[in-house]
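Visitor: Below is a structure I'd like to ask you about.
Any read-out appearing in this document is the output of simple, stated calculations on the displayed coordinates, not a laboratory observation. Since this is a predicted model, take the numbers as computed values, not measurements. Neighbour counts run over all protein chains shown; Cβ positions are idealised from the backbone, glycine included.
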Amino acid sequence: MQREVLGKTSLTVLVPCYLPNEQLIVKSTIAHLIHNLEYSFPFRLIVCYNTPYPIAFEDELRELDGYVYANGRSVQILKVEGSSSKAENLNCALLSVDTEYVALYDADHHPDAHSLLIASAHMAARGVACVQGSTYLRSLPNFMAVYINAEFFVTHFVFFPAMQFLTSFGIFGGSNALWRTAILKAYQFRHDVQTEDIDVSIRSSLDGRVKISFCPECRSGELPPRTFNDLYRQRLRWALGWDQVTLQHMRSIGSSTELNCAEKAGMYYLLPLRWALLLSGVANALVAPIVASAWANGVGGELGGPIETCYAFSFTTYATLFAVAAINAILHEPRQRWPAIIAFQLTGAVYIGWNLALYFISLIKICTGADSEWVVTTRAPDVPSRARTAGLAYLHPSDTCASSPRPELSTPMQAAFAMSCEKELVEKYNAARGEVSDPPIPML
């Protein structure tokens, strides 16, 4: 029986870019997407950019406009006049997209060679509107980058899947994502919020008709923030974005006629309950160890059965998350990255305290009307791509399916095939990961 070509679904790739901040990295991203990304359809790559003033690099970009490569892929350079945001760049580019799928990557993203095939198989199998992949750092120049990379891994392979399991909702993260074009066009991006990706996720999910699914095996490498100050500005913008979306949309949850009770509970968990969960995390990570230590040393006397039960539950939950993260690290990460992931888990109290401080600052800025400024994240210098390509030479379109027209994957048999195709791609991914040898990285 011949196998369908998942990579034959019509596709456009969008890369929003802000100049001059990203002029040193965007050309390598274009080259990577054109030459290294596995996908049969000869897609068009649209680089949609804005700049506050003309720069010489624009002439270099214009030389690429309209160029068609040997594999049939082409590049379009789109300057968005009057734009001051990523949201406006994407909205303008979407006007010219007429393909069934649209993939989004930031200007520093180098997706793994097979990631788009995994995303398309995941979308076909689950019938969702958006597939959100995971990210890692393709450059690890210092300890901060190593720690961030460990954070990304635990977030995408443990926290996000757990969140989706508990709430039935996924979140679009702004990059390394595959959308059904018609659905994304129907919502558009808002330019008056700090995180247009979170906003469109919540707006579309509140309608009850759009499903977003996490697929951590669909991976893409990005560059780390250049300095700690750049990291702080980036994370504060994320915190502001989540708080803005929460304050704007939490009242709509209860009145929504499209969500059932379980879905409303999940949406409350995603939005206003974030604050309660963070405070609970602070209590568990910072207060509980101190009280438990005093209790163990006989200073505080008896705590009582209910409190002891809470402590036991807290410790069991932490140990379970630690074990899940460790197992996923063994399955998906090279051995030299395991210590950093373990260190991240052991320093959870520091990480939670950091996030608590960010949310307090965020809420203060929102209350004082100082939440409108958007600061671009300065990235570390670009390096030769470390996106996973080794061992994937066999992942040729003819290896995944035959060159027949793509029918709709609407029947149970077709959906089962797509799921088996996704499983096979993930198995090849895991096998290939064992063949990839990362350069030595700083160890914590």
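Visitor: Convex hull over the alpha-carbon atoms of segment 1-128: what's its volume per residue in Å³?
Guide: 110 Å³
Visitor: Most exposed first by the Cβ proxy, i.e. fewest other Cβ within 10 Å, how do Lys86, Lys211 rank?
Guide: In order of increasing Cβ crowding within 10 Å: Lys211, Lys86.
Visitor: What's the ranking of 51-58, 231-238 by average number of surrounding C-beta atoms within 10 Å, highest first?
Guide: Packing order, densest peptide first, comes out as 231-238, 51-58.
Visitor: Report the Cα centroid-to-centroid distance between segment 345-364 and segment 183-229 in angstrom, as an integer.
Guide: 22 Å
Visitor: Working only with C-alpha atoms, what are the Rg and Dmax values of segment 312-355, expressed in angstrom?
Guide: Calculated on Cα positions, Rg and Dmax stand at 11.4, 33 Å.
Visitor: Sticking with this one: Listed here are the pairs Lys185/Lys264; Lys86/Lys264; Lys211/Lys365; which of them are more than 28 Å apart at the Cα?
Guide: Beyond 28 Å between Cα atoms: Lys86/Lys264; Lys211/Lys365.
Visitor: Here's another thing I want to ask about it. For a footprinting-style exposure proxy, rank Thr135, Thr99, Thr368, Thr9 by other Cβ within 10 Å, fewest first.
Guide: In increasing order of surrounding Cβ atoms, one gets Thr368, Thr99, Thr9, Thr135.
Visitor: R0 = 25 Å: FRET efficiency of Phe159 with Ser84, Cβ-based, nearest 0.05?
Guide: My answer for the efficiency is 0.20.
Visitor: Under the rule a/c < 1.5 gives rounded, and otherwise a/b versus b/c splits prolate from oblate, where does segment 125-216 land using the Cα gyration tensor?
Guide: prolate
Visitor: Specify, per residue and in Å³, the volume enclosed by the convex hull of the alpha carbon atoms belonging to segment 1-72.
Guide: It comes to 89 Å³ per residue, whole-number rounded.
Visitor: May I ask you to derive the FRET efficiency for Trp338 and Phe313 from their Cβ-Cβ distance with R0 = 22 Å, giving the value to the nearest 0.05?
Guide: Approximately 0.20, to the nearest 0.05.
Visitor: Rg (Å, one decimal) plus Dmax (Å, integer) for the alpha carbons of segment 215-288?
Guide: So, for segment 215-288, Rg and Dmax equal 16.4, 46 Å respectively.
Visitor: Still on this structure: By counting other Cβ atoms within 10 Å of each Cβ, how are Ser201, Ser280 ranked from fewest to most?
Guide: Taking fewest neighbouring Cβ atoms as first place, the list is Ser280, Ser201.
Visitor: Can you tell me the length gained on complete extension of the stretch Tyr268 to Glu60, counting 0.36 nm per residue apart and subtracting the Cα distance?
Guide: Net length gain for the segment: 70.1 nm.
Visitor: Would you please give the residues with an amide H less than 5 Å from that of Gly221, counting only those at least 5 places away or on a separate chain, with H modeled from the backbone geometry?
Guide: For Gly221, the qualifying residues are His110, Asp112, Tyr136.
Visitor: What FRET efficiency would be calculated for the residue pair Leu363, Glu151, taking the C-beta separation as r and a Förster radius of 25 Å, to the nearest 0.05?
Guide: 0.65
Visitor: While we're on this one: Taking a temperature of 37 °C and a viscosity of 0.692 mPa s, what whole-number D in µm²/s does Stokes-Einstein yield for segment 39-91 with Rh from Kirkwood over alpha carbon pairs?
Guide: Using the Kirkwood radius from Cα pairs, D works out to 269 µm²/s.
Visitor: Let me ask something else about it. Work out, step by step, the length gained on full extension between Leu166 and Phe228: first 0.36 nm times the residue separation, then minus their alpha carbon distance; give nm to one decimal.
Guide: Net length gain for the segment: 19.0 nm.
Visitor: Could you please report the charge total around Leu270, scoring K, R as +1 and D, E as -1 over all other residues with beta-carbon less than 12 angstrom from its beta-carbon?
Guide: Net charge around Leu270: +1.
Visitor: Expressed in nm to one decimal, what extension gain is obtained for the pair Ala70 and Arg251 from 0.36 nm per residue of sequence separation less their Cα-Cα distance?
Guide: Taking 0.36 nm per residue and subtracting the Cα distance, the gain is 59.9 nm.
Visitor: Using 7 Å Cα-to-Cβ label points, what is the Tyr53/Asp192 separation (nm, one decimal)?
Guide: Result: 3.0 nm between the two label points.
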